[in-house]
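A.B. asks: This is the structure, below, for whatever I ask next.
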Amino acid sequence: MRESIPSDLKDVNFPVPIHYLDLASGHIDAVSPPLSDGLVVFLSDGLPVGQAYVEKPEAAAALAERAVRPDTLEHIARVAQTPLRNRDVSILICTKDRPEELRRCLASIPEQSLRPVAIIVVDNASSGDQTRRVAEEAGATYVREDRVGLDFARNAAVRAAKTEFVAFTDDDVVLHRQWLENLMKAFDRPEIACVTGLVLPGELATPAQFIFEKHWSFGRGYLRQDFDQDFYRLHRRYGAPVWTIGAGASQAFRREVFDAIGLFDVRLDMGAAGCSGDSEYWNRLLHHGHVCRYEPTAVSWHFHRKDMKGLAKQIYQYMSGHIAALLVQYQHTGNGGNLRRVLVSFPKYYIGRLRRRFRKGATSNDFFLKQEMLGSVNGALYVLRRWKMRAW
């Protein structure tokens, strides 16, 4: 794929800076001249509480007033006062042939305000032994899983864990020092089976990273959200949009739910259907009456793919996995809304986007429209082939 960028990014200067401004330090009022570009993330008590992209010069104080909500600040204060009762937790990291990224991720774990009982690194068929050496140097338990696929690796990690809770992150993630503590504080009711966290961009150095963050971001905002039976029933006609619950790069579970409703579905692996094993699992949890919670004070940073070719492949896999997950969700739950989303909503959605692209040309929002559509078709065909094979 030719390394080009969408027309609406021609005037963007890369790398795009990410400014972190502390509301309590008095620095906000002192910022001069006005901020003129980049992503601004506001902090309170060391935690992100709001963000905004600067599109024209604007004073930091005015930007903060627009970006930071009072209820977010109140929530952070409540979390700080919440006693920590859940300490029996392991951190699980699945990785393949990325020893330096893994080393960076593992380096953020000793700084955690809540130290995990165990750190388990699952090596998903890496070549060589660098991954093993990096894991063992960090004091992590090393597990080898030779069946290639993220959900094979996740399932191996769950089997290896002996703690009451398990927390997943990825090798291309760096953890805020309160990430694990605040994930665990969020399990304050027995019906909460899963908690996800806020994921911010580690950098915006290239057009590919900027496009991903603007249109495919892992971030879900700065307000706590509970996804319960009301959410599941409200969206039943077209299937619950479970992908809004969070990101697989930052999620924790009660270990017992895997014994109750099964492990991750390996049909949704990268390289098979695509991905989306996490969102399918959240859907399964809701179907069985559990609650999933998004907790914005559990913060981490993800380093997105830097090149456009890699991003194109990733988006193809995302959409392949997304459509496959909807079909698998239908198989697991019998909820016809998932089929209705595939057969009705998505065709209408893409027809509308194609029309806009023909009228206005390719912007960053639809620069990878071809990969989205082909990935969607691949995901549907993959699951249908598997169903046909089972029928025979």
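The values are calculated or read from the model by the stated rules, or taken from the named source; none is laboratory data. All values reported here derive from a predicted model rather than from experimental measurement. Heads up, the Cβs are rebuilt from the backbone with ideal geometry, glycines too, and the neighbour counts pull from every protein chain shown.
A.B. asks: I'm trying to understand the selection: among the residues of region 216-239, which are among the charged types (D, E, K, R) and either part of a loop (DSSP other than H, G, I, E, B) or closer than 30 Å to L204 by Cβ (or both)? Spell out how you get there, then give the answer.
C.D. replies: Quick first cut of region 216-239, residues among the charged types (D, E, K, R) only: 220, 224, 226, 228, 230, 233, 236-237.
Passing the criteria: R220, R224, D228.
A.B. asks: Could you please let me know if A67 is out of contact with any Cys (no Cβ under 7 Å at 6 or more places or on another chain) and at pLDDT 95 or above?
C.D. replies: Numbers: out of contact with any Cys (no Cβ under 7 Å at 6 or more places or on another chain): yes; at pLDDT 95 or above: yes.
Considered against the rule, which asks whether it is out of contact with any Cys (no Cβ under 7 Å at 6 or more places or on another chain) and at pLDDT 95 or above, A67 comes out as yes.
A.B. asks: What are the pairs, 6+ residues apart or on separate chains, where a residue within region 4-15 that is touching a residue at least 60 places away in the same chain (Cβ under 8 Å) and outside the structural domain of A362 (by TED's automatic domain parsing) has its Cβ under 7 Å from a residue that is surrounded by fewer than 13 Cβ atoms within 10 Å (Cβ to Cβ) and assigned to a loop (DSSP other than H, G, I, E, B)?
C.D. replies: Correct list of pairs: S7/G361.
A.B. asks: In addition: Whether any residue in region 285-292 is at pLDDT 95 or above and under 16 Å from the mean Cα position of the chain (by Cα) is what I want to check.
C.D. replies: Start the filter on region 285-292 by keeping residues that are at pLDDT 95 or above, which leaves 285-292.
Remaining after also requiring under 16 Å from the mean Cα position of the chain (by Cα): 292.
Taking every residue of region 285-292 in turn, at least one turns out to be at pLDDT 95 or above and under 16 Å from the mean Cα position of the chain (by Cα).
A.B. asks: For region 1-38: of the residues being modelled with pLDDT of 80 or more and farther than 26 Å from D307 by Cα, which is surrounded by the most Cβ atoms within 10 Å (Cβ to Cβ)? Give the steps one after another, and end with the answer.
C.D. replies: Within region 1-38, the first condition is being modelled with pLDDT of 80 or more, and the residues that meet it are 4-24, 34-38.
The next check asks that each one be farther than 26 Å from D307 by Cα; those that pass are 21-24, 34-35.
Working: L21: 17, D22: 13, L23: 18, A24: 10, P34: 14, L35: 20.
Only one residue tops the list, namely L35.
A.B. asks: Can you name the strands (runs of 3 or more DSSP E) wholly within region 122-177 that have at least 1 residues being touching a Phe, Trp or Tyr at 6+ places or on another chain (Cβ under 8 Å) and closer than 27 Å to P201 by Cα? Explain how you work it out, then say what you get.
C.D. replies: On the way: elements: 141-144, 165-170, 173-175.
The strands (runs of 3 or more DSSP E) meeting that bar are 165-170, 173-175.
A.B. asks: So for region 141-149 (the condition being of a type in the set (A, V, I, L, M, F, W, C) and either free of Cβ contacts under 8 Å to residues at least 12 places away in the same chain or surrounded by fewer than 21 Cβ atoms within 10 Å (Cβ to Cβ) (or both)), does at least one residue qualify?
C.D. replies: We begin by selecting, within region 141-149, every residue of a type in the set (A, V, I, L, M, F, W, C); these are 143, 148.
If we keep only those that are either free of Cβ contacts under 8 Å to residues at least 12 places away in the same chain or surrounded by fewer than 21 Cβ atoms within 10 Å (Cβ to Cβ) (or both) too, we end up with 143, 148.
So far as region 141-149 goes, yes, one or more of its residues are of a type in the set (A, V, I, L, M, F, W, C) and either free of Cβ contacts under 8 Å to residues at least 12 places away in the same chain or surrounded by fewer than 21 Cβ atoms within 10 Å (Cβ to Cβ) (or both).
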